[in-house]
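Trainee: My structure is below; once you've seen it, I'll send some questions.
Just so you know, all these numbers are worked out from the coordinates, no wet-lab data involved. It should be emphasised that the depicted structure is a prediction, and the values quoted were computed from it without experimental measurement. Neighbour counts run over all protein chains shown; Cβ positions are idealised from the backbone, glycine included.
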Amino acid sequence: MLKLKINNSTCLGLGIKALLKMTEDLSLEEMNGVRNVLYELDMDGFPHLKHLLVKDCLELLYIIKSVAWNLAFPKLESLILRNLINLEKICHGQLNAGSLSKLRIMKIEKCDRLEYLFASSVARNITQLQQIEVTDCKNLKEIFGEESKDHGDEIETNDKIDFNQLCSLTLQRLPQFIKIGSDMRVAFPNLEVMVLLRLDNLQLIWHNQQLHAESFRELKVVRVEFCEKLKTIVPSNSHGLLTFHNLKELIVKNCWSMKSLFPVTIATGLVQLNDLRLVSCGLEEIVSEEEVKGGPNFLFPQLTVFHLDNLPKLKCFYSGLHTTEWPLLNSLCVYGCKKIKIYASEFPSFQRKDDGESQPAIFLLEKVL
């Protein structure tokens, strides 16, 4: 790895510039006087660079400030940015079609002036991304934002972009984050792990106009914690567009605005779910009520762990007529859920309260034991 600390980019000698053109692994730390990595350090756009780490560069404004006819980082595979407190944009301006086309790993930390990672016009360049991790960026609002003020070459709202390689998405401690993208439509057909931690302003993970049937079909692990305004994991008006057939682990903690997890169309397809843990949330029901023909059967053939902890508003699994089956359940924890009762009956999903009102029950006692 070539590590570089410089006080002024104009002081770079011919030897250093030649190294920059040829290097594959570059670390830039504590650079003074550099506001744009490309092209202040290499006018040719780092044609051989595969791995780039930039950190503690307090004057840096852009990684790329380019014009469309120049290639930028055509072989770059990993981009790590840390503690760039004045970084305004990763990419400012239009990109040539081959720029960033091999980028696979992206990790961003403590870049407080960033409002989005990439403009929607750049999205088609980075469809090879496999991992996105963003941490402690105080003003980040979305992954894909609009750059219409800078240029008019935006992606049409009806266009869909497939991030076929993305398998891991981690967003944590982003107090202003509100959505994945503005009006662009993207699909994550091979996403396996999604972690959302301390996103204080997030209300919906996915907005309706952005939903695609291909998204989340391979999702295996979902962890959502301390998202105070998040209303649900999947909205009830998703119209059956999404499926979670491969989901194995779902952990939701400290989401007090969340009233339900997902609609019937999602809950009836969780055939691989193994671990479900819900802790300290405002949940009133696990499955949101919606109009369905007949009483749905919620079958969880692989579920072994089901923990409900400190859910003071939770009344039921699903408020409508239904049946549930948990054939492999071996760890059941219900704590601090004062409105839940476990019933044993030949009608496991509905019980009568003393006043005659139908009261949905979560479990048939003899089946879970």
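Trainee: Residue separation times 0.36 nm, minus the C-alpha to C-alpha distance between H245 and M43: what's the value?
Mentor: Stretched fully, the H245-M43 segment lengthens by 67.9 nm.
Trainee: For every other residue with a beta carbon closer than 14 angstrom to the beta carbon of I266, add +1 if it is Lys or Arg and -1 if Asp or Glu, then tell me the sum.
Mentor: Summing Lys/Arg as +1 and Asp/Glu as -1 gives -2.
Trainee: Quick one: of K231/K339; K65/K141; K229/K313; K253/K293, which pairs are farther than 28 Å apart, Cα to Cα?
Mentor: Correct reply: K253/K293.
Trainee: Hey, another quick one. To the nearest 0.05, what FRET efficiency results for N70 and K229 with a Förster distance of 51 Å applied to their C-beta separation?
Mentor: Efficiency computed from Cβ-Cβ geometry: 0.75.
Trainee: Just want the ordering: L283, L61, from fewest to most Cβ atoms lying within 10 Å of their own Cβ.
Mentor: L61, L283
Trainee: Pairs K17/K110; K17/K160; K102/K259: which are spaced more than 31 Å apart, C-alpha to C-alpha?
Mentor: K17/K160; K102/K259
Trainee: Which of the GluC sites (Glu not before Pro) across the range 288-326 are loop residues per DSSP, with 10 or fewer other Cβ within 10 Å?
Mentor: Answer by residue number: E291.
Trainee: Provide the FRET efficiency to the nearest 0.05 for the M22-E115 pair, computing r from the beta carbons and using R0 = 35 Å.
Mentor: 0.50
Trainee: Which FRET efficiency, nearest 0.05, do N36 and E289 yield, Cβ-Cβ r, R0 41 Å?
Mentor: 0.15
Trainee: Taking the Cα of R104, stepping 7 Å toward and past its beta carbon, and measuring to each backbone N in the range 111-149: which are under 20 Å?
Mentor: From the range 111-149, the list is 124-134.
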